[in-house]
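Colleague: Got a structure here, written out as structure tokens. Questions coming.
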Amino acid sequence: MMSALFYLGDVTHEEKRAWILGIAAIASYAVYLVLVLGRAGERPLAEVPYVATLLWTVGASIVATIVLSIVAAIASKDGGKDQRDREIGRFGEYVGHSFVVLGAVAALVLAMAEAPYFWIANAVYLAFTLSAILGSVARIFAYRRGFQPW
């Protein structure tokens with residue numbers, strides 16, 4: 001028996017996009033962590049080359065999200081966004097933006113403490129990833145459990 005939370009049969013295109021964004025964010029960050037931590041060996045993390053890996057994983061995540069969203073739109077049977085979709089999308093963005101703000105504050109504090117660039121960049125990347133995940137989860141739960149605009 002499949003949980004109603006993970007059933008994707010008759011869902012709107014916007015809900016599919018929320019799933020795509022959340023999964024792409026988790027996958028790309030996991031790949032980034034595996035690659036960077038795998039290179040660390042005995043040296044400190046701040047000395048591990050990370051820039052190219054960060055850029056490639058972010059770029060791959062963006063491309064995958066775009067391509068999968070296009071495929072989902074082609075396969076979608078719904079008529080596009082309605083008012084509920086717009087409100088749920090806005091709600092997810094509001095929830096997700098909290099982590100962008102926290103990441104900006106963390107990066108600011110790290111910069112003022114003169115931390116290595118590695119830690120500043122990773123604080124920002126983690127904040128963007130958590131923002132995408134939390135925003136997607138908020139949208140999915142709003143679709144699955146109901147959404148009551150205030």
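Colleague: Accessible area, 1.4 Å probe, largest first: how do Glu114, Glu47, Glu93, Glu14 sort? Please report the intermediate quantities before stating the final value.
Modeller: Working: Glu114 155, Glu47 120, Glu93 85, Glu14 30 Å².
Sorted by accessible area, descending: Glu114, Glu47, Glu93, Glu14.
Colleague: Compute the label zone of Ala46 within the stretch 115-132: residues whose backbone N is under 11 Å from the point 7 Å along Cα-to-Cβ.
Modeller: The answer is 115-120, whose backbone nitrogens lie closer than 11 Å to the label point.
Colleague: If you line up the long axis of helix 13-40 against the longest principal axis of the chain, both from Cα atoms, how many degrees apart are they, to the nearest 10?
Modeller: 20 degrees
Colleague: In whole Hz, with x marking every Gly and Pro, tabulate ³J(HN,Hα) for the stretch 106-116 from phi via Karplus 6.51 cos²θ - 1.76 cosθ + 1.60, θ = phi - 60°.
Modeller: Each residue's phi maps through the Karplus curve to give 4, 5, 4, 5, 5, 5, 5, 7, 6, 6, x Hz.
Colleague: Per residue of the stretch 92-104, in order, report the coupling 6.51 cos²θ - 1.76 cosθ + 1.60 (Karplus, θ = phi - 60°) as ³J(HN,Hα) in whole Hz, putting x for Gly and Pro.
Modeller: With the stated coefficients, the stretch 92-104 comes to x, 5, 4, 5, x, 5, 4, 6, 5, 5, 4, x, 5 Hz.
Colleague: Leaving out ligands and nucleic acids, note down the accessible area per residue over the stretch 64-150 with a 1.4 angstrom probe, in whole Å².
Modeller: Details: 5480 Å² over 87 residues.
Value for the stretch 64-150: 63 Å² per residue.
Colleague: For the chain, would you read off the P(r) tail past 21 Å as a percentage of all alpha carbon pairs?
Modeller: Counting pairs separated by more than 21 Å, the tail of P(r) holds 53 percent.
Colleague: As I understand it, the dipole of the chain uses +1 on the Cβ of Lys and Arg and -1 on the Cβ of Asp and Glu, about the Cα centre. Which of Ile26, Val71, Trp119 lies farthest toward its positive end?
Modeller: Val71
Colleague: What are the semi-axes of the equivalent ellipsoid for the stretch 71-114, taken as the square roots of 5 times the Cα gyration tensor eigenvalues, largest first, in whole Å?
Modeller: On the way: eigenvalues 270, 34, 4 Å².
Its equivalent ellipsoid spans semi-axes of 37, 13, 5 Å.
Colleague: Roughly how many percent of the accessible protein surface of the chain is carbon and sulfur, given a 1.4 Å probe and a whole-percent answer?
Modeller: 72 percent
Colleague: Could you give the nm distance between label points at Ser76 and Leu33, where each point is 7 Å from its Cα heading toward the beta carbon?
Modeller: Result for the modelled spin labels: 3.0 nm.
Colleague: Can you sort His97, His13 by 1.4 Å-probe accessible area, starting with the largest?
Modeller: Largest accessible area first, the list is His97, His13.
The values are calculated or read from the model by the stated rules, or taken from the named source; none is laboratory data. These figures come from a predicted structure and were not determined experimentally. Reconstructed Cβ throughout: ideal geometry from the backbone, glycine too, with neighbour counts over all protein chains shown. Calculation scope for accessible area: heavy atoms of the full protein, side chains included, ligands and nucleic acids excluded. Shrake-Rupley method; radii C 1.70, N 1.55, O 1.52, S 1.80 Å.
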